[in-house]
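Quick notes on the structure that follows.
The values are calculated or read from the model by the stated rules, or taken from the named source; none is laboratory data. Just so it is clear, the model here is predicted, and its values are computed rather than measured. Counting neighbours? That spans all protein chains shown, and the Cβs are built from the backbone with ideal geometry, glycine included.
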Amino acid sequence: MTLDRPLRIVRLFPDLLGTYGDDGNAVVLAQRARWRGVEADIVDVRSGDLIPDDGDIYVIGGGEDGPQTAAARQLAASGALGRAVERGAPVLAVCAGFQLLGTSFLGPDGTSTAGLGLLDVVTERSTGPRMVGDVISDADPSLGLPPLTGYENHAGASRLGPTARPLARVRRGTGNGTGDGAEGVLAGRVVATYLHGPVLARNPVLADLLLAWALHVVPGSLEPLDDSLVDALRAERLASR
Ligand code: GLN
């Protein structure tokens with residue numbers, strides 16, 4: 001399908017949650033849309049801005065604990081993201097962004113902050129060391145994706161409730177940090193993950209899945225692009241020890 005207006009990619013709080021370069025996820029989405037002849041705008045929503053509820057795709061990244069709490073409070077007060085999810089807008093949420101979509105998350109001082117409740121996930125603090133390093137994971141088979149690669153850097157451990165399903169299972173790395181190999185959450189069109197990279201630059205197939213959902217086309221039907229460099233990087237990561 002072609003839109004009769006540019007695709008609106010809403011990048012939530014790049015000023016608060018930009019620590020890990022996850023801002024790049026919006027750039028990947030916009031560029032891969034443009035390469036297919038679909039006009040795309042990145043709409044930056046900074047702290048204090050009105051949050052639109054008519055975006056086509058929402059992306060939110062990782063960051064430090066204080067800004068994470070500030071972002072969670074503003075999103076909760078707005079309600080816009082919940083409305084967008086209800087009408088089927090795809091969301092990519094990374095690390096802090098993932099944690100704040102859950103029911104609650106714990107700060108380093110033990111304070112619990114309410115999340116948006118869009119995911120059946122509670123985030124506690126890991127009792128072990130901070131989880132830092134390379135990740136390779138196998139995405140839920142229903143998605144038909146090759147192994148995902150990226151890196152993680154978090155102290156929060158995210159426990160999935162009975163209605164949450166992992167996005168992937170780790171081959172390498174920790175993932176959600178609950179000892180069961182689960183990585184991220186897949187809930188309808190909400191994709192949550194601990195993978196930085198940015199995750200969509202490292203795994204453009206995931207970007208195409210979000211684009212297909214936003215454009216209401218069958219996943220896998222978008223015009224193929226030359227991803228040979230990324231494929232080579234994935235092969236190198238899979239072969240590394
Ligand atoms: N502050 C959160 C944690 O340490 C999120 C970190 C991140 O976004 N990388 O778990």
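Observations
Condition check ((1) without any contact (Cβ under 8 Å) to a residue 40 or more places away in the chain; (2) among the acidic types (Asp, Glu); (3) closer than 24 Å to HIS154 by Cβ) across all residues:
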{"site": "TYR20", "(1), (2), (3)": "no, no, yes"}
{"site": "ASN25", "(1), (2), (3)": "no, no, yes"}
{"site": "ALA30", "(1), (2), (3)": "yes, no, no"}
{"site": "SER47", "(1), (2), (3)": "yes, no, yes"}
{"site": "ASP65", "(1), (2), (3)": "no, yes, yes"}
{"site": "ALA72", "(1), (2), (3)": "no, no, yes"}
{"site": "GLY88", "(1), (2), (3)": "no, no, no"}
{"site": "PHE105", "(1), (2), (3)": "no, no, yes"}
{"site": "THR113", "(1), (2), (3)": "no, no, yes"}
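- Verdict on LEU186 being assigned to a strand (DSSP E or B) and at pLDDT 95 or above: yes
- Among the residues making up the stretch 139-167, a single one is assigned to a strand (DSSP E or B), of a type in the set (A, V, I, L, M) and in contact with a Gly (Cβ under 6 Å, 6 or more places away or on another chain): ALA157.
- Filter result for the condition that a residue is at pLDDT 95 or above, within 23 Å of ARG172 (Cβ to Cβ), within 14 Å of the ligand (Cβ to nearest atom) and surrounded by 15 or more Cβ atoms within 10 Å (Cβ to Cβ), over PHE105, PHE98: PHE98
- When restricted to residues that are within 16 Å of the ligand (Cβ to nearest atom) and crowded, with 22+ Cβ neighbours inside 10 Å, the stretch 23-71 contains 8.
- Meets criteria (away from the ligand (no atom under 16 Å from the Cβ), in contact (Cβ under 8 Å) with a residue 40 or more places away in the chain and of a type in the set (D, E, K, R)) for GLU223: yes
- Check on THR127, more than 28 Å from ALA80 (Cα to Cα) and assigned to a strand (DSSP E or B): no
- Residue within the stretch 198-209 that is within 16 Å of the ligand (Cβ to nearest atom), in a loop (DSSP other than H, G, I, E, B) and under 18 Å from ASP120 (Cα atoms) present: no
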